[in-house]
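The values are calculated or read from the model by the stated rules, or taken from the named source; none is laboratory data. Bear in mind the structure is a predicted one, so any value in this text is a computation, not a measurement. FYI the Cβ positions are ideal-geometry reconstructions off the backbone, even for glycines, and counts take in every protein chain you see.
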Amino acid sequence: MFRRIFATALIAGLLSGFGISVVQEFTTTPIIIHAEKFEGGKVGDPQKQSLPHRGLKLISPALAHGDNSKKTHSDEGAWAPDDGIERTLFTTIANVLTGTGFALIMVACFAIAGSPINGRTGVLWGLAGFGIISLAPALGLPPEVPGAMAAELSGRQTWWFFCVAATAAGLWCMIFRKGVPWALAGIILVALPHLIGAPQPERVGGPVPPEIAAHFVAASLFTAAVFWCLTGWLAGTFWARFAPEE
Amino acid sequence: MTQQNNQTLGTIGVKTQVAAPALLALLLGAFLIIGTGFAHSDAIHSAAHDSRHSFAFPCH
């Protein structure tokens, strides 16, 4: 069982991490790079960048907070990958590690659930992952482009984990338990993080045009949907292939 | 009776056999995601920056 779980998750995570890196090159990455040009103050109204104040932060690009090739910011000493192949390489490594992490959790759920899984049912698990990890948190904390305004980071991270845990528990109540009380408990759990509300910035604005920010939300959710379907299908397929022979 | 006990033990054995590696996979998976998506380290943040934004993890 140990070998089956880890072999499935490692292969599925590796392939989905590489696969989604290719998709990102056409969906989210061009928008991130475009947004960083505004964030760096090269395009748009520089007056808008005076908006941040107490309790409000600009979401900035990778450490250099602008063009990595011109390290003029106070973070000059901090390391960041150079634009181009190096940046793509580190993003791909991060995607593979993240993909493997999600695949490990998904395959652990396959093992605990105990029901037969194949590529097709794996996609359903992937869609559940999309709902839990991507869609539900996006209602309170929409995917952010570099340069967007946001509340303090730790508060957002805490709410994100709370939302993911509550949505996962809610879906478990609705899918794996029968009866009206379980369904009601599931609905309450899914709704609870949104009734409490995610931390929001005191003011909105920032240098990135809303059209680009809106496009990024769609691109991020689309990319996440592809990632989760791909991970679910790969994990389900390899889980079935590595089944012990009867 | 003995056969029934053996079956019960067998079922518990299977559950333990699943639970231990599954728990290990859950912990390792969470560790990888927290490391790449949530760690506050500047270097990790810079390396995983575009991945964090694409996956819509809260960033910066």
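Observations, loosely collected:
- Of all residues in segment A:126-162 being in contact with a strand residue (DSSP E or B) (Cβ under 9 Å, 6 or more places away or on another chain) and under 14 Å from B:Phe38 (Cβ atoms), the one that is surrounded by the most Cβ atoms within 10 Å (Cβ to Cβ): A:Arg156
- Picking from residues in segment A:107-125 that are surrounded by 22 or more Cβ atoms within 10 Å (Cβ to Cβ) and farther than 16 Å from A:Trp172 by Cβ, the one that is nearest to the other protein chains (Cβ to nearest Cβ) is A:Val107.
- Filtered residues of segment A:119-173 (kept if among the polar types (S, T, N, Q) and over 24 Å from A:Ala9 (Cα atoms)): A:Ser154, A:Gln157, A:Thr158
- Among residues of segment A:183-214, those that are among the aliphatic types (A, V, I, L, M), modelled with pLDDT of 95 or more and not in a helix (DSSP H, G or I), counted: 1
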